[in-house]
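Note sheet for the following structure.
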Amino acid sequence: TEDLQCHLENLMDLFHSGHTLKICAPMVRYSKLAFRTLVRKYSCDLCYTPMIVAADFVKSVKARDSEFTTNEGDRPLIVQFAANESQVLADAACLVCPFADGIDLNCGCPQRWAMAEGYGACLINKPELIQDMVRQVRNQVENPNFSVSIKIRIHDDLIKTVDLCRKAEAAGVSWITVHGRYLEERHQPVHYDAIKIIKENMSVPVVANGDVRNLKEAENVHQVTGADGKYLNMTFQWTVVASFLYAEVAILLILCIPFISPLRWEKIFKFQLWNTIGAYWNKAFLTVIVILIVLFLDAVREVKKYSATQVVDKDSKLYPNAYDHIHMKLFRSQRNLYISGFSLFLWLVLRRVIILITQLATEMGSTVALKTQVENTNEAVRKYIEENNKMKQVLNRSNRSEKEKTEGTNLENSVQEIRNLKKEFTDTAEALFRSRDELAAIKKQSGGLITEYDRLTKEHEKLQNHIEKTHEKKDQ
């Protein structure tokens, strides 16, 4: 099928399937082809072969034919090897590469014979050897999608186990299967808390192993450890944040539609629904900011956490699986960082855009009102000017009529005055003539009076002389 072909092209896609990954662990004498064919009919996602000693497998054709059999339907398939030499393991991996999807190095088998030969669980105390074996397989197998995994047990000091896993991760291991028991433990309870701690410190997938006998127990183990038996592309909270981010982008795009004016948005914002929401707007705004800041800081913490793991070798053979999967969680944490950061930024931008639209709508409303007022004023001024022009015309006509009337009246008055003046002049002339006659008469009369006066004066003198003479005579 197409799904099977997809798995064969890249086995790591199984860890991105979104459902619980069901793996049939390697079991001595049981995990042969017939058993693997049977369990695949019951929806087993990935099968392992029994542990094969790599040295014997490389040296003996008989051992290869006896220990490893498969067919076209036996995929995806992991071949588990026991090895203590890097080159031997690399040679064994090259032999099975055309017929399998990956190899697994057994570093967890506690059997005495295996540990006596330097195989199995004794390797967990040799992290440099494990690192070198993983790197050699990576460098010598030509198929970049060929997986290289290890299966380990835990140390009494869990720090050593985490250090071992990090070294294997840096070498390019595809995933790590952790059997949650110490080296000396056999049937004691599995330490799922230890698997959880290892998972939290790794970037590559971690598979939990130990006392998983049915699907329900597998689900429980996944819930307890957080191991990659069920690998979700995005958690619910980040799905919500991403959806919130898309909603913010959509709202901003809608708000920026050019043919919807701010005045129309203001009318929309005045709907009763928005008034109801507006009562809780400030509290909701601050709550969303707090949530996004918390998620942003959590994403920053995750980025710092997963940035601690660095890849030693980035050549083309190592890159497709090791580099990508080592940085898988770093990518996811960076993605979450971007989502929360952009959501926080766009949330602030969205609030600012709404405020600016409201302010712009208010300004536009004021501008429209002012424009209307100016138009009304201009219309009133125009009417006033027209009326003023009409009044001027009427006034000019009235002035011309009054002027003409006044000029006519003045002319008549002038004519009358001239007549009066002529009459007065005639009367004056006549009076003058009379005055002249009277003056002549007065002059004539005055001449007579003067003559009479002179005569009287002479007579007076004569009388005076006569009187004087008379007195003189009397005196004598």
When Lys32 is run through (1) at pLDDT below 80; (2) over 26 Å from Val206 (Cβ atoms), the failure sits at (1)
Contact list, first residue from region 215-236 and farther than 15 Å from Ala194 by Cβ, second anywhere and at pLDDT 80 or above and open to solvent by 80 Å² or more (accessible area, probe 1.4 Å), beta-carbon distance below 9 Å, six or more apart or interchain, is none
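I want to confirm something. Restricting to region 13-65 and keeping residues that are assigned to a strand (DSSP E or B) and either open to solvent by 60 Å² or more (accessible area, probe 1.4 Å) or of a type outside the set (Val, Ile, Thr) (or both), which single residue is nearest to Cys107 (Cα to Cα)? Explain how you work it out, then say what you get.
In the first step, residues of region 13-65 are kept if they are assigned to a strand (DSSP E or B); the result is 20, 23-24, 46-48, 52-53.
Among the residues that remain, those that are also either open to solvent by 60 Å² or more (accessible area, probe 1.4 Å) or of a type outside the set (Val, Ile, Thr) (or both) are: 24, 46-48.
Values: Cys24: 17, Leu46: 19, Cys47: 18, Tyr48: 15 Å.
Going through the qualifying residues, I end up with Tyr48.
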Would you please name the residue that is least open to solvent (accessible area, probe 1.4 Å), looking only at residues in region 98-139 that are polar (S, T, N, Q) and assigned to a helix (DSSP H, G or I)?
Gln131
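The values are calculated or read from the model by the stated rules, or taken from the named source; none is laboratory data. Here the structure is a predicted model, which means the values were calculated and not measured. Don't worry about glycine lacking a Cβ; one is built from the backbone with ideal geometry, like all the others, and counts go over all protein chains shown. Accessible surface areas use protein heavy atoms only, side chains included; no ligands, DNA or RNA. Shrake-Rupley method; radii C 1.70, N 1.55, O 1.52, S 1.80 Å.
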